[in-house]
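The values are calculated or read from the model by the stated rules, or taken from the named source; none is laboratory data. Because the structure is predicted, anything quoted here is derived from the model rather than measured. Cβ sites come from the backbone with ideal geometry, for glycine too, and all protein chains shown count toward neighbours. Surface accessibility is based on the protein's heavy atoms, side chains included, excluding ligands, DNA and RNA. Shrake-Rupley method; radii C 1.70, N 1.55, O 1.52, S 1.80 Å.
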Amino acid sequence: MLSSGMSRVLSITILINLYIFAAECKFETLAHLKPQATDDTQARAVGDLLQRLIGARANEFIVVVNRSLGLANGDLDTYELRSARNEMISVTGNTGVAAATGIYNYLKYFCNCHVSWSGDQLRVPSPLPSITGVLKITTPNRFRYYQNVCTQSYSMVWWDWERWEREIDWMALNGINLPLAFSGQEAIWQEVYLSLGLNQSDIDSFFTGPAFLAWGRMSNLHGWGGPLPQSWHLKQLYLQYKILDRMRSLGMIPVLPAFAGQVPEAISRIYPKANVTKLDPWSHFNCTYSCAYLLDPKDPLFQRIGTLFLTQLIRQFGTDHVYNTDTFNEMTPVSSEPAYLSSVSEAVFSSMTSADTQAVWLMQGWLFVHQSAFWRPPQIKALLGGVPLGRMIVLDLFAESHPMYSSTQSFYGQPFIWCMLHNFGGNSGLFGTVESINRGPFEALSFPNSTMVGTGLTPEGIEQNPVVYELMSELAWRREPVNLQKWVSLYSARRYGSRDENVAAAWSLLFRSIYNCTIPFYKNHNHSPLVHRPSLRMNTDVWYNRSDLFEAWRLMYTAAKPLMSVETFKHDLVDVTREALQLVVSEYYLEIRKAFQKHLLSELLTAGGVLVYDLLPELDRLLSSESRFLLGVWLEQARSLALDEREASLYEMNARNQITLWGPEGNILDYASKEWGGLIGDYYSQRWSLFVTTLVKCVDRGSPFKQDAFNRDVFKVEKGFVYNQRRYPSKPTGDTYEIATRVFLKYYRPIMKKLNKAACHS
């Protein structure tokens, strides 16, 4: 007899197989969404990727793309791996992406190798390990989507082609076949608006600066951080040509932008009869940089602009027939009447099909989560119903914490993609919901009358927590959940090329604690006091047992010395130590607050002194010793895109403002916080120094702490950082192991003693 657990897994697998068959029959409207490149072109592209990845060892692989391989499986991506003559490995995929995924699966599970944002471990065995028989894998997910609209600004804004090439390789290896491709669109919009009669000044006041383009595109902002130099348009156009060419050569289906109705204010001057509505301000901005102007979908100008833009876009870039645009992103529509909402989506889709009769609208479903009080079932149904069934794909954007498919009857029949959002603002910090993502996609697939057509990665920012993205990418090719503890044990072994028991134990602890948040609807903003403007009401709560993180820190440090030459381990030692010190900062904050509230000047001076003069400087030194934790890299990337010093200063201001004030007045203060060397020392540490100094003066004088007055004072510090133009190293400085040792010996025992004492009293 089968155990109850085995029976449940078997039932889920049967349901998933039935779903796949039903989905193949149901969404013929998506059947035309296929790679356009020839099989030979895709095979060559995968071969070139392998060459970039492992050099001459690529010659030991035979890569074939044969689209007929997927026909027996409903055209779902499939790969086959087998041993070939002369100790070679043969991989065949029905697409380039499928073949690349097969290669990475082989490198991971046969060669114990690893590729990530934070470094690679590519000690490929020689000869290549053999494969018994044929390993054939078919994904149950037609699409594997990648990117959030915000990712373009929080992570990719300053990228050159070399960095984009690396990312597209990563996409292919991890099975992504439906990536967002938004670069260069402002150049097209500029052409469109000039042809409609607007002048350059009108357009310059409309576009945001580079670091804020995502929110300009979503109708949240205009003008802030601008104007965009003409050189920006040219460079982004050049990048977009290369990005699209590479994506398509690998068999991906790039998603291009479309028109949602937002127009420059000046449109009313040129077309005074146009029905334009001024929306309310977004977030904490006022109408200086917010309050979008929305063109009524029934106005003939709506169709004219939307069709003109898409026609120009297709002429420049070609098309794969999938377009993304988001109506009402974090903005309240002018009416909740279903007829109005349906007319909006109908008009948006009509402007797409006027330029491309095969258009499919891909929409982020974030609006339904963010403004749930407005988006009730009648409103959601109306918005989705304005588009013919099967011609829209909805991204269930935050499905690991707040899935919408289950409360909308699978988005009322429209196809959807189950997405893991995971990260907000590109914040630093270890975080995951591994139980949820291990279970969620399979539950969605087996949901009654499910319209799920894929999985997606939709973080606002990337280059953090690579373990979570590798797990989620791998789950897209599985038909049942994995054993998480077994999976992470294999992950740690291949990430470092080592089976060190302490490292394995550390990762086991991390996966049971900090990477397994189970709080419903939890949003992964870094809530640590370290990266927020100091006050007496700061949140120090965490979702896990602190002792588990400190024990993982101890285990990683214990294993460190022989592994310091492994770039992935060095990165993770810094990352885990950073996370531990973040908790130590919270403990010192609590001591500072308690001493102030009890008017204990000596204790306040002691705790404040340790925080400001030792702990934060040590953290800054630690981060400065690792190349992927440097403020200088972010700023240097921004300045490198400029043609002259004027542009360089503009780009640098954008880069600094986004990760700190996020707006002219701290409008979304610290939303995109980062824990980087240079930023800790010259921004966060300066705020904490002012806070401690202010509290000491208050205790000394017997006066109350006034948050408003402090906010005014600290704003000067924050704004000063944005404009100080100080140069920061873009290369690491200091010995990581030496710094990590000093920090561990200094802080580990005291913090554990404190935690144990607290546990005894609880």
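Cβ-Cβ distance below 7 Å, separation of 6 or more or different chains: which pairs start in the range 401-417 with a residue that is without any contact (Cβ under 8 Å) to a residue 60 or more places away in the chain and end on one that is assigned to a loop (DSSP other than H, G, I, E, B) and open to solvent by 10 Å² or more (accessible area, probe 1.4 Å)?
Y405/F447; S406/F447; S410/F447; S410/N449; S410/S450; G413/L389; Q414/L389
Check Y271, Y340 and return the single one that is aromatic (F, W, Y), farther than 24 Å from V157 by Cβ, modelled with pLDDT under 95 and open to solvent by 10 Å² or more (accessible area, probe 1.4 Å). Steps first, please.
Details: Y271 fails: modelled with pLDDT under 95.
From the options Y271, Y340, the qualifying one is Y340.
Consider V348 carefully, then state whether it is under 30 Å from G251 (Cβ atoms) and either free of Cβ contacts under 8 Å to residues at least 12 places away in the same chain or not hydroxyl-bearing (S, T, Y) (or both). Talk me through it step by step, then tell me what you get.
Details: under 30 Å from G251 (Cβ atoms): yes; either free of Cβ contacts under 8 Å to residues at least 12 places away in the same chain or not hydroxyl-bearing (S, T, Y) (or both): yes.
So V348 passes the test.
Just one of the numbered conditions (1) modelled with pLDDT of 95 or more; (2) surrounded by fewer than 22 Cβ atoms within 10 Å (Cβ to Cβ); (3) closer than 27 Å to D620 by Cβ is not true of Y515; which one?
Status for Y515: all satisfied but (2).
Could you check, for the range 701-711, whether at least one of its residues is of a type in the set (A, V, I, L, M, F, W, C), part of a loop (DSSP other than H, G, I, E, B), at pLDDT 95 or above and over 28 Å from I462 (Cα atoms)? Write out each step before concluding.
Applying the first criterion (of a type in the set (A, V, I, L, M, F, W, C)) to the range 701-711 yields 705, 709-710.
This time we only want the ones that are part of a loop (DSSP other than H, G, I, E, B), so: 705.
Now narrow it down to the ones that are at pLDDT 95 or above: 705.
If we keep only those that are over 28 Å from I462 (Cα atoms) as well, we get 705.
Within the range 701-711, one or more residues are of a type in the set (A, V, I, L, M, F, W, C), part of a loop (DSSP other than H, G, I, E, B), at pLDDT 95 or above and over 28 Å from I462 (Cα atoms).
If you go through the range 266-280, how many residues are farther than 14 Å from N329 by Cβ and either in a strand (DSSP E or B) or not hydrophobic (A, V, I, L, M, F, W, C) (or both)?
The first filter runs over the range 266-280 and keeps only residues farther than 14 Å from N329 by Cβ, leaving 266-278.
Now narrow it down to the ones that are either in a strand (DSSP E or B) or not hydrophobic (A, V, I, L, M, F, W, C) (or both): 268-269, 271-273, 275-278.
Qualifying residue count for the region: 9.
Of all residues in the range 651-700, count the ones that are of a type in the set (S, T, N, Q) and in a loop (DSSP other than H, G, I, E, B).
As a first pass, look at the range 651-700 and keep what is of a type in the set (S, T, N, Q): 654, 657-658, 660, 667, 673, 685-686, 689, 693-694.
When the remaining residues are screened for being in a loop (DSSP other than H, G, I, E, B), the result is 660, 667, 673.
Final tally of qualifying residues: 3.
Only one of L549, L530, L573, L590 is under 20 Å from F424 (Cα atoms) and in a helix (DSSP H, G or I); which?
Result of the check over L549, L530, L573, L590: L530.
Just one of (1) over 30 Å from L430 (Cα atoms); (2) surrounded by 15 or more Cβ atoms within 10 Å (Cβ to Cβ); (3) hydrophobic (A, V, I, L, M, F, W, C) trips up A31, so point out which.
The one condition A31 does not meet is (2).
Could you please tell me which pairs satisfy a Cβ distance under 6 Å, a separation of 6+ or placement on different chains, a first residue in the range 547-575 that is without any contact (Cβ under 8 Å) to a residue 60 or more places away in the chain and of a type in the set (S, T, N, Q), and a second residue that is surrounded by fewer than 20 Cβ atoms within 10 Å (Cβ to Cβ) and part of a helix (DSSP H, G or I)?
T558/N502
Taking the conditions exactly as written (open to solvent by less than 20 Å² (accessible area, probe 1.4 Å), in contact with a helix residue (DSSP H, G or I) (Cβ under 7 Å, 6 or more places away or on another chain) and closer than 30 Å to A31 by Cβ), does L430 satisfy them or not? Full working, then the answer.
On the way: open to solvent by less than 20 Å² (accessible area, probe 1.4 Å): yes; in contact with a helix residue (DSSP H, G or I) (Cβ under 7 Å, 6 or more places away or on another chain): yes; closer than 30 Å to A31 by Cβ: no.
Judged against the criteria, L430 is not a match.
Failed condition for Y289, given (1) among the hydroxyl-bearing types (S, T, Y); (2) surrounded by fewer than 17 Cβ atoms within 10 Å (Cβ to Cβ); (3) touching a Gly at 6+ places or on another chain (Cβ under 7 Å), with all others met?
(2)
With respect to Q725, is the statement that it is open to solvent by 30 Å² or more (accessible area, probe 1.4 Å) and under 25 Å from Q637 (Cβ atoms) true? Talk me through it step by step, then tell me what you get.
Details: open to solvent by 30 Å² or more (accessible area, probe 1.4 Å): yes; under 25 Å from Q637 (Cβ atoms): yes.
Considered against the rule, which asks whether it is open to solvent by 30 Å² or more (accessible area, probe 1.4 Å) and under 25 Å from Q637 (Cβ atoms), Q725 comes out as yes.
With the requirement that a residue be part of a loop (DSSP other than H, G, I, E, B), among the hydrophobic types (A, V, I, L, M, F, W, C) and either out of contact with any strand residue (DSSP E or B) (no Cβ under 9 Å at 6 or more places or on another chain) or buried (at least 22 other Cβ atoms within 10 Å of the Cβ) (or both), what does the range 552-570 give you?
Within the range 552-570, the first condition is being part of a loop (DSSP other than H, G, I, E, B), and the residues that meet it are 560, 564-566.
Narrowing further to those that are among the hydrophobic types (A, V, I, L, M, F, W, C): 560, 564, 566.
Answer for the range 552-570, where residues must be part of a loop (DSSP other than H, G, I, E, B), among the hydrophobic types (A, V, I, L, M, F, W, C) and either out of contact with any strand residue (DSSP E or B) (no Cβ under 9 Å at 6 or more places or on another chain) or buried (at least 22 other Cβ atoms within 10 Å of the Cβ) (or both): A560, M564.
Restricted to the range 584-630, and to residues that are farther than 13 Å from V696 by Cα and of a type in the set (K, R), which residue is surrounded by the fewest Cβ atoms within 10 Å (Cβ to Cβ)?
Only one residue tops the list, namely R628.
Scan the range 229-252 for residues that are crowded, with 23+ Cβ neighbours inside 10 Å, in a loop (DSSP other than H, G, I, E, B) and not small (G, A, S) and report the count.
Residues meeting the conditions: 2.
Among the candidates W215, W224, single out the residue that is among the hydrophobic types (A, V, I, L, M, F, W, C) and buried (at least 24 other Cβ atoms within 10 Å of the Cβ).
Working: W224 fails: buried (at least 24 other Cβ atoms within 10 Å of the Cβ).
The conditions single out W215.
Hey, F259 hits all of (1) closer than 21 Å to S351 by Cβ; (2) aromatic (F, W, Y); (3) open to solvent by 10 Å² or more (accessible area, probe 1.4 Å); (4) out of contact with any Asp or Glu (no Cβ under 9 Å at 6 or more places or on another chain) but one; which does it fall short on?
Unmet for F259, out of (1) closer than 21 Å to S351 by Cβ; (2) aromatic (F, W, Y); (3) open to solvent by 10 Å² or more (accessible area, probe 1.4 Å); (4) out of contact with any Asp or Glu (no Cβ under 9 Å at 6 or more places or on another chain): (3).
Out of all the residues in the range 46-63, which are in contact (Cβ under 8 Å) with a residue 24 or more places away in the chain and open to solvent by 10 Å² or more (accessible area, probe 1.4 Å)?
Within the range 46-63, R52, L53, I54, R57, E60, F61, I62, V63 meet the criteria.
Out of all the residues in the range 203-228, which are closer than 22 Å to R639 by Cβ and not in a loop (DSSP other than H, G, I, E, B)?
D204, P210, A211, F212, L213, A214, G216
Yes or no, residue by residue, for (1) open to solvent by 20 Å² or more (accessible area, probe 1.4 Å); (2) farther than 20 Å from T568 by Cβ; (3) not hydroxyl-bearing (S, T, Y):
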residue	(1), (2), (3)
L475	no, yes, yes
R478	yes, yes, yes
S498	yes, no, no
A505	yes, no, yes
P529	no, yes, yes
N545	yes, yes, yes
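Could we say that Y544 is in a loop (DSSP other than H, G, I, E, B), in contact with a Ser or Thr (Cβ under 8 Å, 6 or more places away or on another chain), under 27 Å from N756 (Cβ atoms) and of a type outside the set (S, T, N, Q) here?
Working: in a loop (DSSP other than H, G, I, E, B): yes; in contact with a Ser or Thr (Cβ under 8 Å, 6 or more places away or on another chain): yes; under 27 Å from N756 (Cβ atoms): yes; of a type outside the set (S, T, N, Q): yes.
Taking the combined requirement at face value, the residue satisfies it.
Restricting to the range 370-400, give me the number of residues that are open to solvent by 20 Å² or more (accessible area, probe 1.4 Å), without any contact (Cβ under 8 Å) to a residue 40 or more places away in the chain and either aromatic (F, W, Y) or over 28 Å from K298 (Cβ atoms) (or both).
The total comes to 0.
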